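What follows is a short report on a single structure.
The values are calculated or read from the model by the stated rules, or taken from the named source; none is laboratory data. Because the structure is a prediction, the values reported are computed rather than measured. FYI the Cβ positions are ideal-geometry reconstructions off the backbone, even for glycines, and counts take in every protein chain you see. For the accessible areas, the whole protein counts, side chains as well, though only heavy atoms, and no ligand, DNA or RNA atoms are used. Shrake-Rupley method; radii C 1.70, N 1.55, O 1.52, S 1.80 Å.
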Amino acid sequence: MAGALGETASAPVISVRDVVVSYDARHVLDGISLDIFRGETMVLLGGSGSGKSTLLRQIIGLERPQSGQVVVNGVDLAKCTPRELKKLRRSMGVAFQNAALFNSMSVEDNVALPLREHTLLAESTIRLMTWMKLAVVGLAEFGKLSPQELSGGMKKRAAVARALSLDPEILVFDEPSAGLDPIVAAELDELILGLKQAFNMTVVVVTHEMASAFRIADRMAMLYNGSLIAVGTREELERSSHPRIRQFLDRVPDKTADTAAFDQYFQEYMQGDSV
Amino acid sequence: MLVVGVEAFPMVGIMAVCAGFILAMQGASELRRFGATQFVVDLVTIGFTRELGPLLTAIAVSGRSGSAFSAEIGSMVVTEEIDALRTMAIDPVDFVLAPKFLAALIVLPCLTIISNACGILAGGLFMRLSTDMAFSVYLRDVVHSMALRDVMTGLVKSLAFATIIVHVGCLEGFRVHGGPDAVGRSATAAVVKSTFLVILADLGFTAIFYLTGGK
Ligand SMILES: Nc1ncnc2c1ncn2[C@@H]1O[C@H](COP(=O)(O)OP(=O)(O)OP(=O)(O)O)[C@@H](O)[C@H]1O
Ligand SMILES: [Mg+2]
């Protein structure tokens, strides 16, 4: 895609430096640094509430960090002009956790919206391009429906089609597989792989599905307690002996249920005359 | 968006008819003591074109549409649709607020005119029923006492009210933070605040018109 040739492979497309984000004095991100390189698929892993979506919102410039900086394509998101930010946003496609399609428009119009807003293309061209994007995600014949008439998986695919509509260099995808059955989730994984191959996009995916992460990731980063505890390829992560990573990989629960305490409570309850 | 106006029409109409009756009845009961029942016509005509028409319409629309705007935008915030717009480099305010504003600027004056008409006709109906004033006489007197200036000030007011209702509704929506319960609260806040501001603005306008000698 445009711009891919001129730049050295070593310059990161997205560079997150010492980013701190806190809500009510609680650090959700506590000095995160992460580089994402051109053409790679980076998967952000981490438990629920570990700050994955928060990090993603920093990367797409929806929120400013309390300290630290986020640089995308050489532009500092906190310091750039609105014009630069606008240009940058047009080179990024974002598919949100819950699709965020506009219910007042058909699926087709949702996908066409960025084209209508940002290009002067003729209506017929826009229709053709929209149809192609929908075809890429396998929704070519559903364009006329309203988003409410789509299933959860179809909505996510439509959101990807909309994210792709301006041919972005960077695709950002929050929780593609959450709430989907394994077959649809696997289809979305294949879609991400296919897109990356076809368009050489840089892809950032948030997920907590290990299977999906291992299928699509070039590199993975694991968030825990506001810090990145591991960044590396899947082999590197598998070899890691960090207890939290092992726990995540081996699906060990945090606390086992305290059966002894329950028994005792139950006994006391039965003996007492509270019933 | 123009649906807003069409759907609000029956409500505005009925409110205006009721208010027209009320105004005529109150006016008649007082003025009868001075034997000046024919001034009821003036009262209803001027009262509606200057004051009640725009105000009643604005209150009805702020209740119906102000809350709808804030609920719509608030739920777009909750479902990340507003964020999605921003990441698509589309200004959410332009995209969401502008069409509503435009529609309201057209719809409110239209509804105000309808409201004026309903109120004045209701006044006529009352006069026909309670006194022996013929409807045609009533209408002739209405035309006589209706001043272009009054109608225009009423319409200017309605434009200002439209601005208040749309902006308060939308800003309340954009301010939503958190879950669906926040959407409900923002809708309530939108109605309360916009009704309050509408009345405040009405006071301001009336004061200005009064001081500039429009009487
Ligand atoms: N606007 C906000 N105000 C206050 N706290 C917030 C806000 N947004 C996020 N948080 C807090 O930040 C933490 C991280 O949230 P985030 O949404 O990033 O988690 P996540 O890793 O995406 O989780 P999940 O997998 O469940 O989507 C949570 O504990 C949440 O309570
Ligand atoms: Mg999340």
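Pick out, from the stretch B:54-165, the helices (runs of 4 or more DSSP H) lying fully within it that include 2 or more residues that are touching a Phe, Trp or Tyr at 6+ places or on another chain (Cβ under 9 Å), crowded, with 16+ Cβ neighbours inside 10 Å and within 14 Å of another protein chain (Cβ to nearest Cβ). Spell out the reasoning first.
Numbers: elements: B:67-78, B:81-87, B:98-130, B:135-145.
Where helices (runs of 4 or more DSSP H) fall fully within the stretch B:54-165 and carry at least 2 residues being touching a Phe, Trp or Tyr at 6+ places or on another chain (Cβ under 9 Å), crowded, with 16+ Cβ neighbours inside 10 Å and within 14 Å of another protein chain (Cβ to nearest Cβ), they are B:67-78, B:81-87.
Residues in the stretch A:230-251 that are over 25 Å from residue A:192 (Cα atoms) and either open to solvent by less than 80 Å² (accessible area, probe 1.4 Å) or in contact with a Gly (Cβ under 6 Å, 6 or more places away or on another chain) (or both): A:240, A:242, A:244, A:246, A:247. Identify all residues within the stretch A:230-260 that are among the aliphatic types (A, V, I, L, M) and without any contact (Cβ under 8 Å) to a residue 40 or more places away in the chain; write none if there are none. Within the stretch A:230-260, A:230, A:237, A:245, A:249, A:252, A:257, A:260 meet the criteria. Quick one: count up the residues across the stretch A:207-220 that are within 15 Å of ligand 2 (Cβ to nearest atom) and either free of Cβ contacts under 8 Å to residues at least 40 places away in the same chain or open to solvent by less than 30 Å² (accessible area, probe 1.4 Å) (or both). Number satisfying all stated conditions: 4. Hey, can you tell me all the residues within the stretch B:190-202 that are over 12 Å from the mean Cα position of the chain (by Cα) and open to solvent by 30 Å² or more (accessible area, probe 1.4 Å)? Scanning the stretch B:190-202 gives B:191, B:192, B:193, B:196, B:197, B:200. Going by what's in this entry, would residue A:34 be described as away from ligand 1 (no atom under 16 Å from the Cβ) and aliphatic (A, V, I, L, M)? The answer is no for residue A:34. Criterion applied to A:159, A:99, A:112 was being of a type outside the set (S, T, N, Q), out of contact with any Phe, Trp or Tyr (no Cβ under 7 Å at 6 or more places or on another chain) and at pLDDT 90 or above, and the one residue passing it is A:112. Of the residues making up the stretch A:259-270, none is loosely packed, with under 14 Cβ neighbours inside 10 Å, out of contact with any strand residue (DSSP E or B) (no Cβ under 6 Å at 6 or more places or on another chain) and under 21 Å from residue A:208 (Cβ atoms). Among the residues making up the stretch A:58-82, those that are within 16 Å of ligand 1 (Cβ to nearest atom) and within 22 Å of residue B:90 (Cβ to Cβ) are A:58, A:59, A:60, A:61, A:62, A:63, A:64, A:70. Kindly check whether there is at least one residue in the stretch A:183-206 that is open to solvent by 40 Å² or more (accessible area, probe 1.4 Å) and among the β-branched types (Val, Ile, Thr). Looking for residues that are open to solvent by 40 Å² or more (accessible area, probe 1.4 Å) and among the β-branched types (Val, Ile, Thr), one finds at least one in the stretch A:183-206, hence yes. Checked against the criteria, residue A:173 does not count as touching an Asp or Glu at 6+ places or on another chain (Cβ under 7 Å), within 16 Å of ligand 1 (Cβ to nearest atom) and under 26 Å from residue A:208 (Cα atoms). Taking the stretch A:43-57 as the range and being open to solvent by less than 70 Å² (accessible area, probe 1.4 Å) and either near ligand 1 (Cβ under 10 Å from one of its atoms) or part of a loop (DSSP other than H, G, I, E, B) (or both) as the test, the residues that pass are A:44, A:45, A:46, A:47, A:50, A:51, A:52, A:53, A:54, A:55, A:56, A:57.
Of the residues contained in the stretch A:156-166, one or more are found to be out of contact with any Lys or Arg (no Cβ under 7 Å at 6 or more places or on another chain), among the basic types (Lys, Arg) and within 16 Å of ligand 2 (Cβ to nearest atom). Selection of the stretch B:124-155 for residues being charged (D, E, K, R), out of contact with any helix residue (DSSP H, G or I) (no Cβ under 7 Å at 6 or more places or on another chain) and touching a residue at least 60 places away in the same chain (Cβ under 8 Å) yields only B:149. Selection of the stretch A:88-105 for residues being buried (at least 22 other Cβ atoms within 10 Å of the Cβ) and either more than 16 Å from ligand 1 (Cβ to nearest atom) or polar (S, T, N, Q) (or both) yields A:89, A:92, A:93, A:101.
Here is a yes/no grid of residues against (1) closer than 26 Å to residue A:193 by Cα; (2) open to solvent by 50 Å² or more (accessible area, probe 1.4 Å); (3) within 11 Å of chain B (Cβ to nearest Cβ):
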residue	(1), (2), (3)
A:71	yes, no, no
A:83	no, yes, yes
A:107	yes, no, no
A:119	no, no, no
A:126	yes, no, no
A:135	yes, no, no
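When we screen A:241, A:177 for residues that are at pLDDT below 90 and away from ligand 2 (no atom under 16 Å from the Cβ), the only hit is A:241. How many residues does the stretch A:22-63 contain that are among the small types (Gly, Ala, Ser), more than 16 Å from ligand 2 (Cβ to nearest atom) and free of Cβ contacts under 8 Å to residues at least 24 places away in the same chain? Here the count works out to 1.
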